[in-house]
Amino acid sequence: MVVWLTGLSGAGKSTIGKELYLQLKEKNPATVFVDGDEIRKVFKHELMPVDYTIKGRKKNAERICEICAWLDRQQIDVVCCMLSIFSESHEWNRMTYSKYFEVYIDAPFEELVKRNPKNLYRLAMNGKVNNVVGIDIKYEAPESPDMIVYNDRPFRKPEDIAQEIISQIKIKKYI
């Protein structure tokens, strides 16, 4: 099973995903956490501005999709957190993985600008950086996610959101 959390930077994918991973790992020790930023670092694909262009992002997305497929074929459950800006990635995931559960983490853009820990949005809006998803690269929200989590104020505990996701996964009889 692959649980795919997608949303813009600052939406809470990694925070929620880490908690989801911990809870799922209690049920199945063969569970791993895959984070888009961490995979970029593993492959040193975060060092050059070209790594964040559409072409660089597509390469990273394809790499992560394949890593998740490789783990899935070994019957290892995956919690994957990434921007996932390409609709073809979502389609490929649905056709490829044994069980696929897609969660769109949604938050108002104004809130993302306020909470964005990397300050990317402000830098991009001031013309200091390019290739920022949501500013000069369009974000394609998933067309038909299995679940939408509205991660706005007031904040809910990641533990509670993870439990909600698990409840929905159970309804699909994936666990």
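Taken together, the values in this text are just the output of simple stated rules run on the coordinates, not laboratory data. A quick note: this is a predicted structure, and the numbers were derived from the prediction, not measured. Counting neighbours? That spans all protein chains shown, and the Cβs are built from the backbone with ideal geometry, glycine included.
Positive contributions from Lys and Arg (+1) and negative ones from Asp and Glu (-1), summed over other residues with Cβ under 15 Å from the Cβ of Gln75, come out at +2.
Within a 10 angstrom radius of the beta carbon, how do Phe86, Phe101 rank from fewest other beta carbons to most?
Details: Phe86 16, Phe101 22.
The order, fewest Cβ neighbours first, is Phe86, Phe101.
Derived scalar couplings between HN and Hα for the range 17-32 equal x, 5, 5, 4, 4, 4, 6, 5, 5, 5, 7, 9, x, 7, 10, 10 Hz in order, rounded to whole Hz, by the Karplus curve 6.51 cos²θ - 1.76 cosθ + 1.60 (θ = phi - 60°), x for Gly and Pro. Using a/c under 1.5 as the rounded threshold, could you call the range 128-175 rounded, prolate or oblate? The axes a ≥ b ≥ c are square roots of the C-alpha gyration tensor eigenvalues, and prolate needs a/b larger than b/c, oblate otherwise. Cα axes put the range 128-175 in the oblate bin. Helix 54-73 and the longest principal axis of the Cα set of the chain meet at an angle near 10°.
Go ahead and set up a Gaussian network model of the chain, Cα springs under 10 Å, then flag whichever of Gly127, Gly12, Gly56 fluctuates most. Residue with maximal mean-square fluctuation among Gly127, Gly12, Gly56: Gly127.
From helices alone, the chain scores -14000 deg cm²/dmol at 222 nm; the rule is -39500 (n - 2.57) for each run of n ≥ 4 DSSP H residues, then divide by the residue total.
For Lys170, which lysines qualify as cross-link partners when the Cα separation must be under 27 Å and same-chain residues fewer than eight apart are set aside? Result set, ordered by chain and number: Lys13, Lys18, Lys25, Lys27, Lys99, Lys157. Between amide H atoms placed 1.01 Å from N, distances below 5 Å from Val149 occur with Tyr104, Ile105, Asp106, all of them 5 or more places distant or on a separate chain. Quick one: helix 158-171 against the long Cα principal axis of the chain, what's the angle to the nearest 10°, folded into 0 to 90? That works out to roughly 50 degrees. Look at the dipole of the range 4-131 built from charges on Cβ: of His90, Gly56, Ile76, the Cα furthest out on the positive end belongs to Gly56.
Each Lys and Arg Cβ is given +1 and each Asp and Glu Cβ -1; about its Cα centre, the chain then shows a dipole of about 340 debye.
Which net charge results for the neighbourhood of Ser87, defined as the other residues with beta-carbon distances under 10 angstrom from its beta-carbon, given Lys and Arg at +1 and Asp and Glu at -1? Walk me through the numbers on the way to the answer.
Numbers: positive: none; negative: Glu88, Glu91, Glu140, Glu143.
Local net charge: -4.
The share of C-alpha pairs in the chain whose separation exceeds 28 Å stands at 19 percent. Can you classify the range 78-148 as rounded, prolate or oblate using the Cα gyration tensor, where a ≥ b ≥ c are the square roots of its eigenvalues, rounded means a/c under 1.5, and otherwise it's prolate if a/b beats b/c and oblate if not? Verdict is prolate for the range 78-148.
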